[in-house]
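Heads up: the structure comes next, in structure tokens.
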């Protein structure tokens, strides 16, 4: 910093957290200031002590320079630092951005105090105004403010220079699982205050309606004038009353000095409407600071939510209710701009989160932009507000390092000072994955003293002893604990705190298996209260593929939402670790979100939506159901605070062999947590009296009116019950099983035992392998399958027996664990159909295969799939709660789920029958299955998916690849967390399945 009196290297001095930075506060100065966002002159230096050149380019603020074609590209690591220097050192090659622009101080700011606000800079910020150093600050995710009054002249032009050093001692405690960027990532502006100003405002608003407002007042350049006062008005309470007793106490205790004043106001709101995630009721509050003559010197506006958070025994209570925390972790992320996210984009994030049943967000792993907290207050989301502390690579050393004590404590304190008035913040977090040491205890001690109205949590504090009440965490918040572990702890009698997992169900690729199993346990086990899925976003960055120049924006792009289903325009792809030459890197581990980089929901989002459904449907227990047309169904309100009046519904009756029918539904008046039995829709059932096959009744629930997070008619959930079973296996296939004869012009079984069929381009053979998911690769299953040889099976025919009609083919498939015996019996059916009955025997040593089933390929020209089963989105054996049974249809290219790294995808569970047909002619084929089976139909072979690293490498086939699985392994979440449960794994033994193929 030119002219700086500092002799230290601030980027390698952990004891120096700031210089001349103003105290953090909760007075919102965003409106009424002088915005400095937009293009700035810019130079990227190779190191912080390198000289400036004469050449300036341009960089947009806010924004990461790593996404603006500066030559310094994004770099992804999960936990390891990208360079070897030990704390507190930084590498010699240390990109340093110098930003510069002119501004003009408004003339009417004469006599006022002028402040420079820099919303966030990664990772060390040094500020100069008109050539004078005005301050320095660290913490890449909180604002730094500097008093620049003496450096500017109202009505005159000035120059501000902001120097940002990318790597520093602070980087060692900002080692989060995300892309490394550099730049000024939040807004920059100037604001002015009166020489007498509100320095801070603290609001206490419990659910009983008793409001307390504490204001701090300061004066510039001298003592506070005698006679100043603070007044306030609030919706529903009118004028606030000064707390005279508190004022007298302050005077007695010398709480009021010449340069700092404190005032307390009180009010009681009658019939207060309490704030919760379900009922985010807000009251407007205006505070005014008056000069001695009564004129207004300063004003501060707030939105107040009255709510109480407390822990009683093993329960976290909001407004006295034990609430389930249905949470998701969220980073600040955008596929085009890196760490910079607009208020509109944040709103879109939170609206999506609300629409899929989440009620909580953990701000992983740092305080978010103030706009996000405003939105959480408004839309209704519980926040775990997390400090910007993660020393993952050097966690053990830094937890007790006194050089980092101030950094730990200050980051926690500044977060609380800024965010204390937001009702959405119900828990403070000391950070993430930083071991546990004296620095955490120091930060926790400050926080407990400053804000006793909220609990705090820190996963590392209770990692070694879940039962200890003495550590710096009021909540037991383990990371990726198994279902067995958490249920065993809850049943142990040793639990002392609420158990809410800070991370679970890692959403990397095709994942989030056993989510329903977790929630079945959480909702029925005292002491278990929820958790936060990792995470919301896939962190794919849009990258040009034609010239290798790095991240960029294609011509005519209106926004990231222009990319449907996570696919990108020609010449672009979603990049992950290593795609920018970043070494070392952690590959696609950053693609671990519930939505694609364009915010398109992955199928797992629908799984969560149904698990979190506010309305539940079940058979009334007084009737001998679950099957039969008589009796009632039970509707349960699974919410904590809200009745069902905000919802509308309709009945949907789906019969296997008939069209879907609908009828209006009237939701009963059910209080939170209550249930009511309602009669089955008689008219709908009468209309379906002659329908054959299975029958399912679905309650399609939508928003009755516009909600702040969803327009009227938005689907909220689709609970369903089964009214009639399918035909028994003994009666299947019911039609055409006899009387068929082989038509050699239609189908042939060759001497090799392979079926040649005019609807198939490749014959049906045994399949035991899938293109490995990220969970399979990182959890070890893929290596297991490769050692067994399941990815390269060789068919060895044994015999072909022809006995008039049926043809029996027996073959073996050698593996490292022994041969798999496979038998197929082909029986011709009348009308040109074919019955295929199959048996596979897996030897004892062949356990935990990917699948057991049939694979074949169709002829070209089939564009659409119609099926009866679960859908319409992808489902798997351990992730199927979100796919209601019914009639579904989709174009072939919509069946495939384009996870950032190609892998097994596109499966549908519980399929009873399906048709593949031409959009143009309606011709094709239909398959009927002996039982609900796992089916996938895509234009990609498993081998092609496994070989590709990105989707731009895939070339869709002109025909369909069809898998019919007698059994399919669950997905689990083993890329970071537990594998699927034993009941979703495949054991050795005999598997039988059958299916019919007919022309359509």
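The values are calculated or read from the model by the stated rules, or taken from the named source; none is laboratory data. For clarity, every value in this text was computed on a predicted model and none was experimentally measured. Cβ atoms come from the backbone with ideal geometry, glycine included; neighbour counts cover every protein chain shown.
Here the condition is being touching a strand residue (DSSP E or B) at 6+ places or on another chain (Cβ under 6 Å), part of a strand (DSSP E or B), in the same structural domain as residue 757 (by TED's automatic domain parsing) and surrounded by fewer than 20 Cβ atoms within 10 Å (Cβ to Cβ); of 915, 936, it holds for 915 alone. Evaluated against (1) over 29 Å from residue 535 (Cα atoms); (2) out of contact with any strand residue (DSSP E or B) (no Cβ under 7 Å at 6 or more places or on another chain), residue 96 falls short on exactly one condition, (2). Would you say residue 164 is touching a strand residue (DSSP E or B) at 6+ places or on another chain (Cβ under 8 Å), at pLDDT 95 or above and closer than 25 Å to residue 298 by Cβ? Criteria not met by residue 164. Evaluating residue 364 against the criteria (1) modelled with pLDDT under 95; (2) crowded, with 24+ Cβ neighbours inside 10 Å leaves one unmet condition, (1). In the stretch 603-630, the residues that are at pLDDT below 95 form Cβ pairs under 8 Å with partners that are in a loop (DSSP other than H, G, I, E, B) and crowded, with 18+ Cβ neighbours inside 10 Å, at six or more places apart or across chains, as follows: 619/625; 629/680; 630/680.
What do you reckon, is residue 446 at pLDDT 95 or above, under 30 Å from residue 208 (Cβ atoms) and within 24 Å of the chain's Cα centre (by Cα)? No. The set of residues in the stretch 643-667 being out of contact with any strand residue (DSSP E or B) (no Cβ under 6 Å at 6 or more places or on another chain) and modelled with pLDDT under 95 consists of 657, 658, 659.
Report, by residue number, each residue of the stretch 291-319 that is part of a loop (DSSP other than H, G, I, E, B), touching a strand residue (DSSP E or B) at 6+ places or on another chain (Cβ under 8 Å) and closer than 16 Å to residue 382 by Cα. Result: 305, 306, 307, 308.
Would it be correct to say that residue 81 is closer than 30 Å to residue 374 by Cβ and touching a helix residue (DSSP H, G or I) at 6+ places or on another chain (Cβ under 6 Å)? Considered against the rule, which asks whether it is closer than 30 Å to residue 374 by Cβ and touching a helix residue (DSSP H, G or I) at 6+ places or on another chain (Cβ under 6 Å), residue 81 comes out as no.
For the stretch 770-788, residues that are surrounded by 20 or more Cβ atoms within 10 Å (Cβ to Cβ) and without any contact (Cβ under 8 Å) to a residue 40 or more places away in the chain total 1.
Within the stretch 663-681, residues that are on the phi > 0 side of the Ramachandran plot have Cβ atoms under 7 Å from residues that are crowded, with 17+ Cβ neighbours inside 10 Å and modelled with pLDDT of 95 or more in these pairs: 673/637, counting only partners at least 6 apart in sequence or on another chain. Taken over the stretch 889-909, residues that are buried (at least 21 other Cβ atoms within 10 Å of the Cβ) and free of Cβ contacts under 8 Å to residues at least 60 places away in the same chain amount to 5.
When the stretch 798-854 is filtered for residues that are under 23 Å from residue 772 (Cβ atoms) and not in a strand (DSSP E or B), the ones remaining, listed by number, are 814, 815, 816, 817, 818, 843, 845, 846, 847, 848, 849, 850.
The listed residues are 288, 326, and the only one of them that is assigned to a strand (DSSP E or B) and in contact with a helix residue (DSSP H, G or I) (Cβ under 9 Å, 6 or more places away or on another chain) turns out to be 326. Pick from the stretch 144-172 the residues that are in contact with a helix residue (DSSP H, G or I) (Cβ under 6 Å, 6 or more places away or on another chain) and closer than 30 Å to residue 93 by Cα: which of them is surrounded by the fewest Cβ atoms within 10 Å (Cβ to Cβ)? For the stretch 144-172, the residue satisfying everything is 168. Say whether the condition of being outside any strand (DSSP E or B) and under 34 Å from the mean Cα position of the chain (by Cα) is met by at least one residue in the stretch 648-660. Yes, there is a match, as at least one residue in the stretch 648-660 is outside any strand (DSSP E or B) and under 34 Å from the mean Cα position of the chain (by Cα). Within the set 192, 220, the sole residue that is more than 30 Å from residue 310 (Cβ to Cβ) and either without any contact (Cβ under 8 Å) to a residue 12 or more places away in the chain or within 39 Å of the chain's Cα centre (by Cα) (or both) turns out to be 192.
Give the residues of the stretch 51-67 that are under 28 Å from residue 391 (Cα atoms) and part of a loop (DSSP other than H, G, I, E, B), sorted by residue number. Answer for the stretch 51-67, where residues must be under 28 Å from residue 391 (Cα atoms) and part of a loop (DSSP other than H, G, I, E, B): just 62. Of the residues 51, 88, 84, the single one that is farther than 30 Å from residue 336 by Cβ, assigned by TED's automatic domain parsing to the domain that holds residue 161 and surrounded by 14 or more Cβ atoms within 10 Å (Cβ to Cβ) is 88. In the stretch 568-577 there is at least one residue that is outside the structural domain of residue 885 (by TED's automatic domain parsing), at pLDDT below 60 and either surrounded by fewer than 17 Cβ atoms within 10 Å (Cβ to Cβ) or not in a strand (DSSP E or B) (or both). Does residue 584 fit the bill of being part of a loop (DSSP other than H, G, I, E, B), in contact with a strand residue (DSSP E or B) (Cβ under 7 Å, 6 or more places away or on another chain) and either modelled with pLDDT of 95 or more or under 28 Å from residue 78 (Cα atoms) (or both)? Answer is yes for this residue. Filtered by the rule that a residue be modelled with pLDDT of 95 or more and either more than 14 Å from residue 632 (Cα to Cα) or touching a helix residue (DSSP H, G or I) at 6+ places or on another chain (Cβ under 8 Å) (or both), the stretch 668-694 gives 669, 670, 671, 672, 673, 674. Restricting attention to the stretch 694-715, the residues that are in a loop (DSSP other than H, G, I, E, B) and either on the phi > 0 side of the Ramachandran plot or within 22 Å of the chain's Cα centre (by Cα) (or both) total 5.
For the stretch 952-981, give me each residue that is over 18 Å from residue 773 (Cβ atoms) and either surrounded by fewer than 21 Cβ atoms within 10 Å (Cβ to Cβ) or within 30 Å of the chain's Cα centre (by Cα) (or both).
952, 955, 956, 957, 958, 959, listed by residue number.
Restricting 352, 337 to those that are out of contact with any helix residue (DSSP H, G or I) (no Cβ under 6 Å at 6 or more places or on another chain) and at negative phi reduces the list to 352. For residue 275, the criteria (1) crowded, with 17+ Cβ neighbours inside 10 Å; (2) outside any loop (DSSP other than H, G, I, E, B) hold in every case but one, which is (2). Among the residues making up the stretch 423-443, those that are in contact with a helix residue (DSSP H, G or I) (Cβ under 9 Å, 6 or more places away or on another chain) and crowded, with 23+ Cβ neighbours inside 10 Å are 423, 424, 425, 428, 429, 430, 431, 432, 434, 439, 440, 443.
Scanning for something within 32 Å of the chain's Cα centre (by Cα) and at positive phi, does the stretch 70-90 turn up at least one residue? Scanning the stretch 70-90, I find at least one residue that is within 32 Å of the chain's Cα centre (by Cα) and at positive phi, so the answer is yes.
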